[in-house]
1. What are the ³J(HN,Hα) couplings of the stretch 51-56, residue after residue, when phi is run through the Karplus curve with 6.51, -1.76, 1.60 and θ = phi - 60°? Round to Hz, x for glycine and proline.
2. Going by Cα centres, the stretch 165-204 and the stretch 11-31 are how many Å apart?
3. Pop a pseudo-label 7 angstrom from the Cα along the beta-carbon direction at both Asn192 and Ile54 and give the gap in nm to one decimal.
4. Once the other residues with Cβ under 13 Å from the Cβ of Ser115 are scored (Lys, Arg +1; Asp, Glu -1), what is the net sum?
5. For Lys4, what is the net charge nearby, where nearby means another residue's Cβ is under 9 Å from its Cβ and Lys, Arg count +1, Asp, Glu -1?
6. Hey, which lysines would be in cross-link range of Lys208, C-alpha to C-alpha under 16 Å, not counting anything within fewer than 8 residues on its own chain?
7. When the Cα centres of the stretch 36-52 and the stretch 64-94 are compared, how far apart do they sit, in Å?
Amino acid sequence: MKYKKYFRKTSLKQKGDGDFFLQEIKDKRPKFFLEIGVFHGVTARNVCELLHTIHGEDFKYIGLDLFEINDENKSEIIPSNIFSNPIKQFFFKYIKRQNPYTIEAVKDLLGKFKSNIHLIKGNSNEILKKIDMSKIDYVFLDGGHDYNTVRNDLYNCMEVINKNGTILCDDYNLSYAPGVKKAIDEFVKEKNLKCKLLRSSRFAKIEK
Ligand SMILES: C[S@@+](CC[C@H](N)C(=O)[O-])C[C@H]1O[C@@H](n2cnc3c(N)ncnc32)[C@H](O)[C@@H]1O
């Protein structure tokens, strides 16, 4: 399956990264997927399309995002919501009349999977503690890039690893967000886990 961009922005924009990511998911065949950091929902839609081809209706996708920049979360790195392509800017402003970085817009993009998805607006530092992790078998960690946030997210997802699931972290080697690497390295060491670096260390795959 090819990774599609659905006329929106995504962090998996570099050639081949999206297809590689989907192949990783396909190999694991998860049934209960959690994405931390949804942004415009492009990866969400690709994951739902893939899980639907594998499992039919029998899968769940949970997506969590701040879906807003405010005083409390301004230390997080949030990609720009402005399109460099003026046609896309026009499309969302005057045709869709939608801000793609909102829970409503992502719900719209995932409309055909509405019985499989659960989207949550909030900060992962608070929300993850309330999510039942017992059924989740795959996490794509691509939310806050602050050291403490990544550390909290990883610890809050530990149950997934204990149940033989996978946490795939994005941006392991991002030069302007060194806290991601630091938090992952410490977590893997403290919990004695396997960590495989993929795609020139862009992704870190953590398993038992
Ligand atoms: C790099 S983008 C995610 C891209 C998306 N996974 C994709 O593949 O297109 C990071 C997202 O994480 C969200 N985010 C940042 N800090 C967060 C936090 N503490 N809790 C929840 N979401 C957060 C931002 O709002 C942003 O949409």
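1. For the stretch 51-56, the Karplus-derived couplings read 5, 5, 5, 7, 10, x Hz, x marking Gly and Pro.
2. 16
3. A separation of 2.9 nm, rounded to one decimal place.
4. +2
5. Around Lys4, the charge tally is +2.
6. Straight-distance partners of Lys208: Lys28, Lys163, Lys189, Lys191, Lys194, Lys196.
7. Using only Cα atoms, the two centres lie 17 Å from each other.
Quick note: the coordinates plus some simple rules give every number you see, no bench work behind them. Everything numeric in this text was worked out from a predicted model, so none of it was measured. Here Cβ is always computed from backbone atoms with ideal geometry, including for glycine, and neighbour counts include all displayed protein chains.
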